[in-house]
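A short worksheet on the structure shown next.
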Amino acid sequence: MHAMVLEKAQHSLRWAEVPMPTPGPTQVLLQVNACGVCRTDLHIVDGELDNPKLPLVLGHQIVGQVLDMGAKVKAFQMGQRVGVPWLGHTCQHCRYCRSHRENLCDRATFTGYHLDGGYAEYAVADAQFCFALPAGYGDLQVAPLLCAGLIGYRAYRMTGDASTLGFYGFGAAAHILVQLAQYQGRQVYGFTRPGDIAGQQFARDLGAVWAGGSDQPPPHPLDAAIIFAPAGELVPVALKAVAKGG
């Protein structure tokens, strides 16, 4: 099969022919329909994440059809469309795994980092960490939900019934959530890098009632704020913008 392979950090991916993967007892073999590009993929290529599997097939927002499966796989059927996220495998025995916090498992392995991912014609994945995908979403539309959608919604649900929300960093997760928040009747205030006029306009186009730089205060106190940008200095900034009890 063909795949885009990272052989060394800070080098371009190489179009290569590699062996077809074979599913293990708990794995599914997928024909890849689509695979999204995440900022984490770029961190790996740039050498900003330590010890990736090399050579490596990147990609952890995989949408594919089940072509084959291991003997222990019961959750899926041949030909079914499934999604593969960042979390690829865990020990399933530690206190985090036993309390439904598998993403914190110390022995977790991740798709497109420790495990070959979806920048290929075919991929294998642990069936226990795959998702059945509903009809109604196209492959290109559902792929980002497997990472940006997951991490975004995990934070979004912690905001409770907040009616005014601030999103610091208006990338993949925020652009999905602003649409959900608008549908639910909430008001979103989008914060971008200072001077990012295009990003602020993008936020407004998607339904934000206000957008500006992260160095600007919102016109009204926020009930809750979510920081998506990897910038610790935004924590006190966002706290200052949030009303008491937010």
Need the list of lysines near LYS53 for cross-linking: C-alpha distance under 16 angstrom, and skip anything on the same chain fewer than eight residues off. LYS8
Would you be so kind as to identify which of THR164, ALA231, GLY195 lies farthest towards the positive end of the dipole of the chain, taking Lys and Arg as +1 and Asp and Glu as -1 on Cβ and the Cα centre as origin? THR164
Can you give the calculated 222 nm mean residue ellipticity of the chain, where each DSSP H run of n ≥ 4 adds -39,500 (n - 2.57) and the sum is split over every residue, rounded to the nearest 500 deg cm²/dmol? -5500 deg cm²/dmol
Debye, to nearest 20: dipole size of the chain, +1 on Lys, Arg Cβ, -1 on Asp, Glu Cβ: 700 debye
Work out the charge dipole of the stretch 56-178 with +1 on the Cβ of Lys and Arg and -1 on the Cβ of Asp and Glu about the Cα centre, then indicate which of HIS100, ILE151, ALA71 is farthest towards its positive end. HIS100
When you take every Cα atom in the stretch 1-141, what is the radius of gyration, and what is Dmax, the widest Cα pair distance, in Å? 14.8, 41
Which Rg and Dmax, in Å, describe the Cα atoms of the stretch 96-183? 15.3, 44
Suppose all protein chains stay in the model; what accessible area per residue would a 1.4 Å probe give for the stretch 129-246, in Å²? 55 Å²
Using only C-alpha positions, report the orientation-averaged shadow area of the convex hull of the chain, nm², one decimal. 14.7 nm²
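The values are calculated or read from the model by the stated rules, or taken from the named source; none is laboratory data. Note that the coordinates shown come from a computational prediction; the quantities given were computed from them, not determined experimentally. Backbone-built Cβ (ideal geometry, glycine too); neighbour counts: all protein chains shown. With ligands, DNA and RNA removed, areas are computed over all heavy atoms of the protein, side chains included. Shrake-Rupley method; radii C 1.70, N 1.55, O 1.52, S 1.80 Å.
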